[in-house]
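Taking it in order: structure first as structure tokens, then the write-up.
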């Protein structure tokens, strides 16, 4: 059985497999952990609250963030290699964006827990908060870069889809930033949990598409 799996995927696919596990897992794991945290609401709360020190699932979620960050870093090397021939500079920028996100929004966020509120009063909370924000800003450019290098590689469908996801990621991330503003309280915009998940989905989507394509459509 192991030999069959090795023949089907191969060692060369390991990076893409890690990317799929990290991205899809990051989107789904909060839904599996939330039932154990009764106060958590997907609609109005950010995912990182599952990792605050008073959450019953904080250890599991924070360990997941660290693991996801490591998998993203290792997997990003495959993204770099795939698009190196299309553009050396853009492939380096792509690598930087993914690694920066993995360190700031995953590994550091897993090590330094967020508080129950958005007040960044302690050093760990500040590291978590700034790391997450900067990491998300870096990740938001990933769909754009993949769209450009895919176009240069004559992968029209992947390119168009990546550009669409980039536009949607910008929209949802803007709504996410606006969600905690007082003037949007009790409106649909205040549901920052939804906007975070949707923006993250759009940022991850091109990575997922590229990984599936390189594993199953070679």
Filter the stretch 181-206 for residues that are in contact (Cβ under 8 Å) with a residue 40 or more places away in the chain and within 11 Å of residue 46 (Cα to Cα) and give the result.
191, 192, 193, 194, 196, 197
Give 115, 110 a once-over and let me know the one that is over 14 Å from the mean Cα position of the chain (by Cα) and at pLDDT below 95.
115
With the structure loaded, tell me whether residue 210 is out of contact with any strand residue (DSSP E or B) (no Cβ under 6 Å at 6 or more places or on another chain), under 25 Å from residue 13 (Cβ atoms), in contact (Cβ under 8 Å) with a residue 24 or more places away in the chain and part of a helix (DSSP H, G or I) or whether it fails that test.
yes
Evaluation of residue 54 against (1) under 26 Å from residue 121 (Cα atoms); (2) crowded, with 18+ Cβ neighbours inside 10 Å; (3) modelled with pLDDT under 90 (one fails), failing number
(2)
Can you find a residue in the stretch 40-56 that is within 20 Å of residue 206 (Cα to Cα), touching a helix residue (DSSP H, G or I) at 6+ places or on another chain (Cβ under 8 Å) and either touching a residue at least 12 places away in the same chain (Cβ under 8 Å) or not in a helix (DSSP H, G or I) (or both)?
no
Being part of a helix (DSSP H, G or I) and modelled with pLDDT under 90 is the filter; apply it to the stretch 118-134 and report the residue that is farthest from residue 46 (Cα to Cα).
123
Over the stretch 140-179, the set of residues in a loop (DSSP other than H, G, I, E, B) and touching a helix residue (DSSP H, G or I) at 6+ places or on another chain (Cβ under 6 Å) is 140, 141, 179
Residue under question is residue 140, and the condition is that it be within 14 Å of the chain's Cα centre (by Cα) and either at pLDDT 95 or above or more than 20 Å from residue 51 (Cβ to Cβ) (or both); does it hold?
yes
Given the residues 89, 107, which is the only one that is touching a helix residue (DSSP H, G or I) at 6+ places or on another chain (Cβ under 9 Å) and either farther than 18 Å from residue 203 by Cα or in contact (Cβ under 8 Å) with a residue 24 or more places away in the chain (or both)?
107
Would it be correct to say that residue 35 is at pLDDT 90 or above, surrounded by fewer than 20 Cβ atoms within 10 Å (Cβ to Cβ), in a loop (DSSP other than H, G, I, E, B) and over 20 Å from the mean Cα position of the chain (by Cα)?
no
Determine the pairs where a residue that is over 11 Å from residue 75 (Cα atoms), located within the stretch 6-29, has a partner that is at pLDDT below 95 with Cβ atoms under 7 Å apart, the partner being 6 or more residues away or on another chain.
9/215
Residue 90 vs (1) crowded, with 19+ Cβ neighbours inside 10 Å; (2) modelled with pLDDT of 95 or more; (3) closer than 25 Å to residue 149 by Cβ: all pass except (1)
So, residue 137, is that one over 23 Å from residue 37 (Cβ atoms), assigned to a helix (DSSP H, G or I) and out of contact with any helix residue (DSSP H, G or I) (no Cβ under 6 Å at 6 or more places or on another chain) or not?
yes
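The values are calculated or read from the model by the stated rules, or taken from the named source; none is laboratory data. These figures come from a predicted structure and were not determined experimentally. Note that each Cβ is placed from the backbone with ideal geometry, even for glycine, and that neighbours are counted across all protein chains shown.
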